[in-house]
Amino acid sequence: MEINSKIYVAGHRGMVGSAICRKLQANGFNHIITRTSSELDLRNQQQVQEFFATEQPDYVFLAAAKVGGIHANNTFRAEFLYDNLMIEANIIDAAFKSSVKKMMFLGSSCIYPKMAPQPLKEEYLLTGALEQTNEPYAIAKIAGIKLCEAYRDQYGCNFISVMPTNLYGYNDNYDLNNSHVLPALIRKFHEAKENGASEVVVWGTGSPMREFLFADDLAEACLYLMEHYNERELVNIGTGEDISIKDLALLVKDVIGFEGELVFDTTKPDGTPRKLMDVSKLHNTGFMHKINLREGIALAYADFKQKLTMPALS
């Protein structure tokens, strides 16, 4: 990317998109194009086509998506499938029609089969059944990967796909009903500490293993791959290290300073037993994450507390 390139970041208000914008700005890119959902409905094909025809971006980071945790994914199944299919199809097609130089599609580690061997290699895609609770979201993300591959195959587009592991960081979603596990734990432990509660209830058994990457490390990896990677095959982005939900909860408890007990609600779903990314392809390109989990949780918690001084969390 040239320093004066027009770069469109779809989903710039989200945790991932905002991290990409920060990293672009820090690296001197000063022509970043963004639109809020009220300004541009990415589910609307005509609006998206007109936006691309007018703005003519050189590069696109497709980080826009309808996202949520287990509860949201399992409850709003039609919305998660429809909205994400429309968003990615509209942007990918418009990027082709407006001759974008390069586009990056951001997927999710949930694209891999529920019982795939660990760690998850890129070639495990479509080798088994998906986790049922987030199947609609996963199917939409798989469709995005295949769209990028198909537009590359048919039209020669330089469209690449990256698969981040579980993310957390600045600008995360802390709504207890539809957030992911780490921000939900941060909020739960903070409120328990503030209220003098004797215990915190954590969903599931605590046994599932998860990998976590700070969103600013993801953003740095995305810029690195945008500059250096031009292949058809998708690339995993993660740390290559995982932790049990129980140990994660204990780590969050320690960072926040909550002194009560942990209780596991085993009536709630665990989700996939383990999701660890094989990041050897990423590491072989020369990229390595920088922020460890304890440091990242402390940064995220500071961001959460700052948000408390803003309009109330829903």
Of everything in the range 76-91 that's touching a residue at least 12 places away in the same chain (Cβ under 8 Å) and of a type in the set (A, V, I, L, M, F, W, C), which residue is surrounded by the fewest Cβ atoms within 10 Å (Cβ to Cβ)? Ala78
Give me the residue from the range 242-275 that is polar (S, T, N, Q) and touching a residue at least 40 places away in the same chain (Cβ under 8 Å) and, out of that set, surrounded by the most Cβ atoms within 10 Å (Cβ to Cβ). Thr272
Would you call Phe96 outside any helix (DSSP H, G or I), within 21 Å of Ile160 (Cα to Cα) and in contact (Cβ under 8 Å) with a residue 60 or more places away in the chain? no
For the range 207-226, which positions are over 14 Å from the mean Cα position of the chain (by Cα), modelled with pLDDT of 95 or more and either of a type outside the set (S, T, N, Q) or crowded, with 21+ Cβ neighbours inside 10 Å (or both)? Leu223, Tyr224, Leu225, Met226
Here is a list: Leu225, Leu218, Leu248. Which entry is touching a Ser or Thr at 6+ places or on another chain (Cβ under 8 Å) and either farther than 20 Å from Gln118 by Cα or part of a helix (DSSP H, G or I) (or both)? Leu225
Single residue of the range 1-33 satisfying the filter (hydroxyl-bearing (Ser, Thr, Tyr) and closer than 22 Å to Ser108 by Cβ) that is surrounded by the fewest Cβ atoms within 10 Å (Cβ to Cβ): Ser18
Pull up the range 198-252, narrow it to residues that are in contact with a helix residue (DSSP H, G or I) (Cβ under 6 Å, 6 or more places away or on another chain) and of a type in the set (Val, Ile, Thr), then point me to the one that is farthest from Phe61 (Cα to Cα). Val200
Of the listed residues (Ala116, Ala129), the one being buried (at least 18 other Cβ atoms within 10 Å of the Cβ), over 30 Å from Phe189 (Cβ atoms), over 18 Å from the mean Cα position of the chain (by Cα) and without any contact (Cβ under 8 Å) to a residue 24 or more places away in the chain is Ala116
Options Ala72, Ala138: the member that is closer than 26 Å to Val181 by Cβ and either touching a Gly at 6+ places or on another chain (Cβ under 7 Å) or free of Cβ contacts under 8 Å to residues at least 40 places away in the same chain (or both): Ala138
Quick check on Thr165: is it touching a helix residue (DSSP H, G or I) at 6+ places or on another chain (Cβ under 9 Å) and either buried (at least 22 other Cβ atoms within 10 Å of the Cβ) or polar (S, T, N, Q) (or both)? yes
Quick check on Lys141: is it modelled with pLDDT of 95 or more and within 15 Å of the chain's Cα centre (by Cα)? yes
Are there any pairs with C-beta distances below 9 angstrom linking a residue in the range 196-207 that is closer than 9 Å to Ile245 by Cα to a residue that is polar (S, T, N, Q) and crowded, with 18+ Cβ neighbours inside 10 Å, with the two at least 6 apart or on different chains, and if so which? none
Contacts under 6 angstrom Cβ, first residue in the range 171-184 being buried (at least 16 other Cβ atoms within 10 Å of the Cβ), partner at pLDDT below 80 and outside any loop (DSSP other than H, G, I, E, B), 6 or more apart: Asn178/Ala72
Taking the range 180-231, which residues are over 17 Å from Val263 (Cβ atoms) and either touching a Cys at 6+ places or on another chain (Cβ under 6 Å) or β-branched (Val, Ile, Thr) (or both)? Ile186
Determine which member of the set Cys110, Cys157 is in a helix (DSSP H, G or I), in contact with a Phe, Trp or Tyr (Cβ under 7 Å, 6 or more places away or on another chain) and surrounded by 20 or more Cβ atoms within 10 Å (Cβ to Cβ). Cys110
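The values are calculated or read from the model by the stated rules, or taken from the named source; none is laboratory data. Owing to the predicted nature of the structure, the values given are computational and were not obtained by experimental measurement. When we count neighbours, we look across all protein chains shown, and the Cβ atoms used for this are built from the backbone with ideal geometry, even at glycine.
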